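The values are calculated or read from the model by the stated rules, or taken from the named source; none is laboratory data. Keep in mind that what you see is a predicted model, and the values were worked out from it rather than measured. A quick note on method: Cβ atoms are made from the backbone with ideal geometry, for glycine too, and the neighbour counts reach across all protein chains shown. Just so you know, the surface numbers come from the protein's heavy atoms only, side chains and all, with ligands and any DNA or RNA stripped out. Shrake-Rupley method; radii C 1.70, N 1.55, O 1.52, S 1.80 Å.
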Amino acid sequence: ILGAVRAASAQKLFPPFMRLQRAQSADRWSPFLRNHDQTRTLTELGGDIARARVAASLLLTLPGLPFVYYGEEIGMTGNKPDERLRTPMQWRPGHGGGFTRGNPWESLQDDSMTATVEAQDADPNSLLNLYRRLIHLRGANVALGSGELIPLVASNDAVAAYVRRSADHVALVIANLGTVPLSEVTLESPEHVLRGGRYEASSLLGGLTAPALQVRSDERIQGYVPLVLLEPMETYVFDLTRSASR
């Protein structure tokens, strides 16, 4: 995921997920951005919070049981040695970061006065609330929670697009990994992806509408333009509902 976000290219994003999907059921493996032995995401991405948001959005809409290392949800920083990757959770500014009233085992990070749960809790656009929103959405939407991953081919490599499908429940995820807006990006799929017919697309993150998707009789998506403009470093999630009549 981080490789795709850093390179602003979806070319190498899907093969590892597809290998795991073929080998194991989705409840048997756990993707993550970082763990306790690795440079934290925001540090790895040079402090770019927009890239961190895209990475989180991919993690929480792709298959597997996502693992979130503490502090990633507020953009805590940290680099080697290992002790500096395991500093106290930054709940609020002040001594001990709200983690303890005593002396913490390791001094807090330099961002401990600003990157805190308290600072992000009430901000609907914060990284923390993006994590919360996507975690709740994943729990409520069976396609995102446990559906099969079907990568789509976008007309621009900077776009990661995929379907998550579970029986009649279908979600479509589109992420612009690049730093510039993209217009008229089309999506294609192999055959036998979805039942032929018309699908209404409704945003699961609110605020957007997308045109209906017409799936061909060979159950293939071809030339679908979900949005006229894909904003840079933005992720879109749609519920696809098949119309009763074709």
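Lys80 falls short on exactly one of the conditions (1) in contact with a Ser or Thr (Cβ under 8 Å, 6 or more places away or on another chain); (2) within 20 Å of Ser30 (Cα to Cα); (3) open to solvent by 20 Å² or more (accessible area, probe 1.4 Å); (4) outside any helix (DSSP H, G or I), and that condition is (2). Within segment 31-62, being open to solvent by 40 Å² or more (accessible area, probe 1.4 Å) and touching a residue at least 40 places away in the same chain (Cβ under 8 Å) holds for His36, Asp37, Gln38, Glu44, Ile49, Arg51, Arg53. For segment 206-226, the tally of residues that are open to solvent by 30 Å² or more (accessible area, probe 1.4 Å), in contact (Cβ under 8 Å) with a residue 24 or more places away in the chain and either assigned to a strand (DSSP E or B) or farther than 20 Å from Ser183 by Cβ (or both) stands at 3. Under 17 Å from Leu230 (Cβ atoms) and either small (Gly, Ala, Ser) or surrounded by fewer than 17 Cβ atoms within 10 Å (Cβ to Cβ) (or both): does that describe Ala140? For Ala140, the condition - under 17 Å from Leu230 (Cβ atoms) and either small (Gly, Ala, Ser) or surrounded by fewer than 17 Cβ atoms within 10 Å (Cβ to Cβ) (or both) - is not met. Those residues that are in contact with a Ser or Thr (Cβ under 7 Å, 6 or more places away or on another chain) and open to solvent by less than 10 Å² (accessible area, probe 1.4 Å), I need them from segment 186-198; list them, please. The answer is Gly196, Gly197.
Apart from one condition, Leu229 fits all of (1) in contact (Cβ under 8 Å) with a residue 40 or more places away in the chain; (2) open to solvent by 70 Å² or more (accessible area, probe 1.4 Å); (3) under 15 Å from Leu172 (Cα atoms); (4) not acidic (Asp, Glu); the exception is (3).
Scan Gly196, Gly207, Gly178 and give me the residue that is under 28 Å from Ala26 (Cα atoms) and of a type outside the set (A, V, I, L, M, F, W, C). Testing whether each residue is under 28 Å from Ala26 (Cα atoms) and of a type outside the set (A, V, I, L, M, F, W, C) leaves just Gly196. Please determine whether any residue of segment 188-197 is in contact with a Phe, Trp or Tyr (Cβ under 7 Å, 6 or more places away or on another chain), touching a residue at least 40 places away in the same chain (Cβ under 8 Å) and either assigned to a loop (DSSP other than H, G, I, E, B) or of a type outside the set (Val, Ile, Thr) (or both). For segment 188-197, residues in contact with a Phe, Trp or Tyr (Cβ under 7 Å, 6 or more places away or on another chain), touching a residue at least 40 places away in the same chain (Cβ under 8 Å) and either assigned to a loop (DSSP other than H, G, I, E, B) or of a type outside the set (Val, Ile, Thr) (or both): absent.
Out of all the residues in segment 156-171, which are open to solvent by less than 10 Å² (accessible area, probe 1.4 Å) and more than 12 Å from the chain's Cα centre (by Cα)? Passing the criteria: Val159, Val163, Arg164, Val170, Ala171. The residues of segment 109-134 that are over 20 Å from the mean Cα position of the chain (by Cα), under 12 Å from Trp91 (Cβ atoms) and buried (at least 20 other Cβ atoms within 10 Å of the Cβ), listed by number, are Ser112, Ala115, Thr116. So which of Asn79, Asn129, Asn103 ends up being out of contact with any Phe, Trp or Tyr (no Cβ under 9 Å at 6 or more places or on another chain), modelled with pLDDT of 95 or more and more than 17 Å from Arg53 (Cα to Cα)? Going through Asn79, Asn129, Asn103 in turn, the sole match is Asn79. Listed conditions (1) outside any strand (DSSP E or B); (2) basic (Lys, Arg); (3) closer than 18 Å to Gly64 by Cβ are all met by Arg133, apart from (3).
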